[in-house]
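The values are calculated or read from the model by the stated rules, or taken from the named source; none is laboratory data. Since this is a predicted model, take the numbers as computed values, not measurements. Every residue, glycine as well, gets a Cβ built from its backbone with ideal geometry; the counts of neighbours run over all protein chains shown. To get the accessible areas, we keep the full protein, side chains included, count just its heavy atoms, and leave off ligands, DNA and RNA. Shrake-Rupley method; radii C 1.70, N 1.55, O 1.52, S 1.80 Å.
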Amino acid sequence: MSTDGSPSSNQAAGIAGSEWSDRLFGGFRKTSERLTENLAGIVGKTRLDETQLDDLEDALIMSDLGPRAAARIRARLAEERFERDADERAIMEVVAREIAEILRPVAKPLDIVAFPRPQVILVIGVNGSGKTTTIAKLAHLFQEQDYSVMLAAGDTFRAAAIGQLAVWADRLGISIVKGPEGGDPASVVFDAVKAATEQGIDALIVDTAGRLQNKRELMDELAKIHRVLGRLNPAAPHDVVLVLDATNGQNALSQIEIFKEVAGVSGLIMTKLDGTARGGVLVAAAEQYGLPIHAIGVGEKIDDLRPFNPDLLARVIAGIA
Ligand SMILES: Nc1nc2c(ncn2[C@@H]2O[C@H](COP(=O)(O)OP(=O)(O)O)[C@@H](O)[C@H]2O)c(=O)[nH]1
Ligand SMILES: [Mg+2]
């Protein structure tokens with residue numbers, strides 16, 4: 001399905017059809033267009049000059065890849081000696097290779113490995129980032145791998161949030177532990193871990209409220225969930241997955257900063273990469289934080305969560321997939 005013949009392209013195994021990469025490609029089109037905008041007139045040179053390198057670096061920064069990744073790619077391009085008939089594509093090949101270098105170390109699927117079971121996966125992130133939808137997608141992915149899954153409605157702040165998770169649980173045919181609106185999330189989590197342990201569930205995925213406007217409250221709430229979890233199973237939570245909305249661009253990076261501080265973060269899932277010109281922020285996140293990136297969201301449907309394939313993504317970002 002991909003033109004990517006590199007060794008790690010086998011990470012894309014299991015992706016059916018090319019529809020999602022088309023959608024991803026569409027999502028990154030604005031990014032790649034911006035990157036190539038300034039490349040006219042480059043043909044025939046064996047080295048890029050300072051102005052061209054400056055332009056490229058600016059374009060990378062404008063595309064949300066961040067100053068560090070941009071500087072790194074610039075340095076790589078400055079070293080490169082091109083064929084006399086170097087064209088846009090040859091340059092973008094180099095850009096893609098360097099982006100892949102940045103992304104490869106953080107590609108890490110969310111595996112179910114906890115013993116004893118269940119593996120407790122706490123999902124955090126600001127409201128609207130795509131937490132609840134991502135939880136449903138993850139649950140579906142685990143079910144496809146024959147794992148048993150349970151959900152915990154730890155976002156008790158809004159009744160709609162509990163309802164939304166319950167609808168997904170119902171559709172997926174899995175159980176959900178929930179409490180009253182405005183109830184104590186930690187007690188929901190307590191009940192859920194007990195039930196999941198008794199029933200020998202493989203993965204317990206916990207939804208949480210993302211009220212960033214009150215950092216203190218959020219911190220207290222998450223700390224309490226951690227305490228309760230630790231009492232039942234010292235290894236829990238096994239994963240603290242931060243869900244980030246790519247359309248937030250650089251703001252997504254400050255969210256990493258804040259959630260690292262209030263909750264600890266073991267890995268990231270970036271959503272909404274299907275419809276944004278700001279997908280380059282994925283590269284900035286990888287370069288600046290080095291946190292594992294487990295998967296990416298490319299749509300609102302249940303099977304719109306995709307493995308994080310660094311080589312393919314790098315080529316999509318550079319517009320040569
Ligand atoms: N286009 C697109 N929309 C998404 C994606 N993930 C989530 N959404 C939508 O984003 C909105 C907020 O998602 P939700 O899961 O309720 O976010 P939460 O408040 O963090 O739980 C919903 O309309 C979702 O359908 C994605 O990968 N792509
Ligand atoms: Mg939600």
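Among the listed residues LEU24, LEU110, LEU56, identify the single one that is over 19 Å from the mean Cα position of the chain (by Cα) and surrounded by 19 or more Cβ atoms within 10 Å (Cβ to Cβ).
Selected residue: LEU56, the only one of LEU24, LEU110, LEU56 that is over 19 Å from the mean Cα position of the chain (by Cα) and surrounded by 19 or more Cβ atoms within 10 Å (Cβ to Cβ).
I want to confirm something. Restricting to the range 152-164 and keeping residues that are open to solvent by 40 Å² or more (accessible area, probe 1.4 Å) and among the aliphatic types (A, V, I, L, M), which single residue is farthest from ligand 1 (Cβ to nearest atom)?
Once the filter is applied, the top-ranked residue is ALA159.
Of all residues in the range 120-146, count the ones that are near ligand 1 (Cβ under 8 Å from one of its atoms) and surrounded by fewer than 19 Cβ atoms within 10 Å (Cβ to Cβ).
Within the range 120-146, residues that are near ligand 1 (Cβ under 8 Å from one of its atoms) and surrounded by fewer than 19 Cβ atoms within 10 Å (Cβ to Cβ) number 2.
Given the options LEU242, LEU218, LEU232, name the one that is open to solvent by 50 Å² or more (accessible area, probe 1.4 Å) and out of contact with any Asp or Glu (no Cβ under 8 Å at 6 or more places or on another chain).
LEU232
Please find, among GLY200, GLY154, GLY183, GLY179, the residue that is over 18 Å from ILE302 (Cα atoms) and under 24 Å from the mean Cα position of the chain (by Cα).
GLY154
Report yes if some residue within the range 76-86 is buried (at least 23 other Cβ atoms within 10 Å of the Cβ), in contact (Cβ under 8 Å) with a residue 24 or more places away in the chain, out of contact with any strand residue (DSSP E or B) (no Cβ under 6 Å at 6 or more places or on another chain) and assigned to a helix (DSSP H, G or I); otherwise report no.
Looking for residues that are buried (at least 23 other Cβ atoms within 10 Å of the Cβ), in contact (Cβ under 8 Å) with a residue 24 or more places away in the chain, out of contact with any strand residue (DSSP E or B) (no Cβ under 6 Å at 6 or more places or on another chain) and assigned to a helix (DSSP H, G or I), one finds none in the range 76-86, hence no.
Of the residues VAL149, VAL193, VAL189, VAL167, which is crowded, with 23+ Cβ neighbours inside 10 Å and closer than 21 Å to ASP304 by Cβ?
Just a single option satisfies the conditions, and that option is VAL149.
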